[in-house]
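The values are calculated or read from the model by the stated rules, or taken from the named source; none is laboratory data. As the structure is a prediction and not an experimental result, all values here were calculated from the model. Cβ: placed from backbone, ideal geometry, glycine included. Neighbour counts: every protein chain shown. Side chains included, ligands, DNA and RNA excluded: accessible areas come from the protein's heavy atoms. Shrake-Rupley method; radii C 1.70, N 1.55, O 1.52, S 1.80 Å.
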Amino acid sequence: MFLIIYILIILGNIFLIVTIIVSPRLHTPMYYFLCNLSILDLFFSSCSVPKLLFDMFSKMRRISVIGCLIQMNLSLFIGGTECILLAVMAYDRYIAICFPLRYTVIMSWRVCRYIIVTMYIGSFIVTTVPTMYRPFVFCKDNTLNHFACEVLALLEVACGDLSFYKITMVLVCTFTLLSSPVFILVSYICIIMSILKIQSSSGRSKAFSTCASHLIVVLIFYGTSLTMYMAPGSSSLTNLKYITLIYAVFTPLLNPFIYSLRNNDVKEALQKILGNHLMPHTGFTS
């Protein structure tokens, strides 16, 4: 089952990336950010699922300390980047709906590239540098009650003074898991207020449809992440594994389908691509 899911994750996200790249109609900031989201989903699932599949077919379920720390840092970096990217996508929708005439000026390609570079650098500094500066020390039983090197599971087997890591986790969660949803919430309050001012019902419906896919992804991603790191009682190792499965496996699987099935521009681009490849050119014109 997990092998099939992982194959679908790869195919779905690659297909969405290729569709955005080859369709000139989708060469807009909104789909530029969506393309980055699909790339992040590909790497996010690849951090844990291949090792999970290997362990399912192996009796010696081992991972080196260095390999475990690399997996943890990559997951933190990609997860933190995706948190910021979802906030950026909300800001993009806010500008597009609330300031449509100034959208191309405010969200120029130069600005979009600066945003993406700043997003990756900022996430690396916040999520990865602290753990690289002071790596975990293990001196207890190194049996990890998890299928991946999740930071909360590693804290259970780490030894020494853990106050640095706990303080760092609070700061990281505040920067990514709290500030980003607040920013998204404020953006969508402004968006909804602007949409309600639109006179035509078709205009309101079109404006809501452009935001619906992003809202579904936000609810799934932040719902599981906040439950995992913030909700009391969710940090038990049994709950931790199930929650990790949702945001590391099922969210990357659902995202390309949500954006492709609920987005008219993507559906039209897919139909055009499939039509050009499946319909033979007869040489006649009408």
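Points to keep in mind about this one:
- Region 243-258: number of residues that are of a type outside the set (Val, Ile, Thr) and either under 15 Å from Val151 (Cα atoms) or not in a helix (DSSP H, G or I) (or both): 3
- Selection status of Ile167, at pLDDT 85 or above, closer than 20 Å to Cys83 by Cα and either in a helix (DSSP H, G or I) or not small (Gly, Ala, Ser) (or both): no
- Pair list, Cβ under 7 Å, 6 or more apart: region 1-25 residue in contact (Cβ under 8 Å) with a residue 12 or more places away in the chain, other residue open to solvent by 80 Å² or more (accessible area, probe 1.4 Å) and not acidic (Asp, Glu): Gly12/Phe257
- Residue match in region 80-100 (condition: more than 30 Å from Arg204 (Cα to Cα) and at pLDDT below 90): yes
- Scanning region 23-46 for residues that are closer than 20 Å to Met72 by Cα and open to solvent by 20 Å² or more (accessible area, probe 1.4 Å) gives Ile39, Leu42, Phe43, Ser46.
- Taking every residue in region 146-168 that is over 13 Å from Asn73 (Cα atoms) and pairing it with any residue that is charged (D, E, K, R) and not in a loop (DSSP other than H, G, I, E, B), at least 6 positions away or on another chain, the pairs with Cβ-Cβ distances below 6 Å are His146/Lys241.
- The one condition in (1) loosely packed, with under 13 Cβ neighbours inside 10 Å; (2) within 15 Å of the chain's Cα centre (by Cα) that Leu11 fails to fulfil: (2)
- Considering residues of region 165-183 that are open to solvent by 50 Å² or more (accessible area, probe 1.4 Å) and of a type outside the set (Val, Ile, Thr) only, the residue farthest from the chain's Cα centre (by Cα): Lys166
- Qualifying residue in region 86-98 (condition: without any contact (Cβ under 8 Å) to a residue 24 or more places away in the chain, out of contact with any Asp or Glu (no Cβ under 6 Å at 6 or more places or on another chain) and closer than 23 Å to Ala248 by Cβ): no
- Taken over region 55-67, the criterion of being part of a helix (DSSP H, G or I), open to solvent by 40 Å² or more (accessible area, probe 1.4 Å) and in contact (Cβ under 8 Å) with a residue 12 or more places away in the chain is satisfied by Met56, Val65.
- Screening Ile220, Ile216, Ile198, Ile191 for residues that are surrounded by fewer than 17 Cβ atoms within 10 Å (Cβ to Cβ), on the phi < 0 side of the Ramachandran plot, under 26 Å from the mean Cα position of the chain (by Cα) and not aromatic (Phe, Trp, Tyr) leaves exactly one candidate, Ile216.
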